[in-house]
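Some notes on the structure that comes next.
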Amino acid sequence: MLERYSEFMTLMDELDRRKAIIVPHGSFVAYLSLEQHKKMTVPYFGNKAVLDWEASRELQRQWLSRAGLKLPRQVSLRRGNRPAGYRQALRGGGRQRLHVH
C-alpha cells in the first residue's frame, strides 16, 4: 500500500517482475507527472502519447477545432480585462482562461 502517488515510481522493478499491466484512472494520471508516466517501464493500458493532449488545454482546443467543432471564444483574465463570471471560473480551478459562450 502506498501513502502517496509520488511513491509509485519506486515500484517499477517489482511491477516488472510480476508482469503487471497498469490500467490508469483519472487520479493516477493527474497525480503523477507527465514525465513519470513516460518513464514507466511497466506495460500501460492505453496510449501514453495522448497524455500530452490531456495535459494541455491548448492542445485539446486545437484538437477540437481541427475536428470542426464550434468552440466558445477565449477571454484572457488579465487584470482590467475580466468579464462577468470570472470569479466563479477561478473558484472552479480555472487559472488562465475563461470560456465564454
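Taken together, the values in this text are just the output of simple stated rules run on the coordinates, not laboratory data. All values derive from a computational prediction rather than experimental measurement. Neighbour counts run over all protein chains shown; Cβ positions are idealised from the backbone, glycine included.
Structure values in brief
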| item | result |
| --- | --- |
| The stretch 1-55: relative contact order in percent, alpha carbon pairs under 8 Å with at least 6 residues between | 40 percent |
| Within straight-line cross-link reach of Lys19, lysines at Cα separation under 24 Å, skipping those fewer than 8 residues along the same chain | Lys38, Lys39, Lys48 |
| Net charge, Pro43 excluded, C-beta distance under 15 Å - Lys, Arg +1, Asp, Glu -1 | +3 |
| Net dipole in debye of the stretch 1-55 [+1 Lys, Arg Cβ; -1 Asp, Glu Cβ; about Cα centre; nearest 20] | 180 debye |
